[in-house]
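Enquirer: Before anything else, here's the structure in question.
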Amino acid sequence: MVIHIQVKPGSKVDKIEVTPEGNIIIKIKGRPVDGEANDYLVKYLSEYLKIPKSAIKLKKGATSKFKTIEIDIEEDVLKEKLNK
């Protein structure tokens with residue numbers, strides 16, 4: 001499943017927010033230096049969704065706060081976990 005997200009690195013806490021419009025905003029502690037935020041994002045999503053890191057691929061937006069991610073998970077399972 002491919003999702004489009006906005007990432008806010010350097011946050012005090014890790015948090016996933018889904019806006020009323022359905023936009024996904026992920027706040028992470030990882031810093032946007034030398035790809036650290038991207039690596040941290042994959043690790044955080046892996047732990048949050050309880051799937052292996054290898055099931056998450058950054059498809060687009062390595063240097064942008066707007067990213068396209070491919071996640072090897074069923075759509076209904078992903079929506080359920082994101083809307084906790």
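The values are calculated or read from the model by the stated rules, or taken from the named source; none is laboratory data. Computed from a predicted model, the values in this text were never measured in an experiment. Cβ: placed from backbone, ideal geometry, glycine included. Neighbour counts: every protein chain shown. All accessible areas refer to the heavy atoms of the entire protein, side chains included, with ligands and DNA or RNA removed. Shrake-Rupley method; radii C 1.70, N 1.55, O 1.52, S 1.80 Å.
Enquirer: For the chain, build the charge dipole from Cβ charges (+1 Lys, Arg; -1 Asp, Glu) around the Cα centre, then report which of ILE28, ILE16, ILE51 sits farthest towards its positive end.
Expert: With unit charges placed on the Cβ atoms, the residue in question is ILE28.
Enquirer: Would you mind putting 8-20, 67-79 in packing order, based on average other-beta-carbon counts within 10 Å, highest first?
Expert: So the peptides 8-20, 67-79, ranked by packing, come out 67-79, 8-20.
Enquirer: For the chain, what does the accessible surface come to per residue with a 1.4 Å probe? Please give it in Å².
Expert: 66 Å²
Enquirer: Now for a different question. Hey, any idea what % of the chain's accessible area is carbon plus sulfur with a 1.4 Å probe?
Expert: So the carbon and sulfur contribution to the accessible surface is 50 percent.
Enquirer: Still on this model: Over the chain, what is the mean sequence separation of C-alpha contacts under 8 Å (at least six apart), divided by residue count, expressed as relative contact order in percent?
Expert: Once normalised by length, the contact order is 31 percent.
Enquirer: On full extension of the chain, what length is gained from THR19 through GLU36, given 0.36 nm per residue of separation minus the C-alpha to C-alpha distance?
Expert: 3.6 nm
Enquirer: What ³J(HN,Hα) values, in whole Hz, does the Karplus curve 6.51 cos²θ - 1.76 cosθ + 1.60 give for segment 23-39 when θ = phi - 60°, with x put for Gly and Pro?
Expert: Taking θ as phi minus 60°, the curve returns 6, 9, 10, 10, 9, 10, 6, x, 8, x, 10, 6, x, 4, 5, 5, 4 Hz for segment 23-39.
Enquirer: For segment 47-62, just list the computed ³J(HN,Hα) in residue order, Karplus coefficients 6.51, -1.76 and 1.60, θ = phi - 60°, integers in Hz, with x standing in for Gly and Pro.
Expert: With the stated coefficients, segment 47-62 comes to 5, 5, 8, 6, 10, x, 4, 5, 8, 10, 10, 7, 8, 7, x, 4 Hz.
Enquirer: Taking the Cα centre of the chain as origin, work out the dipole magnitude from +1 charges on Lys and Arg Cβ and -1 charges on Asp and Glu Cβ, in debye rounded to 20.
Expert: With only Lys, Arg, Asp and Glu charged at Cβ, the dipole is about 360 debye.
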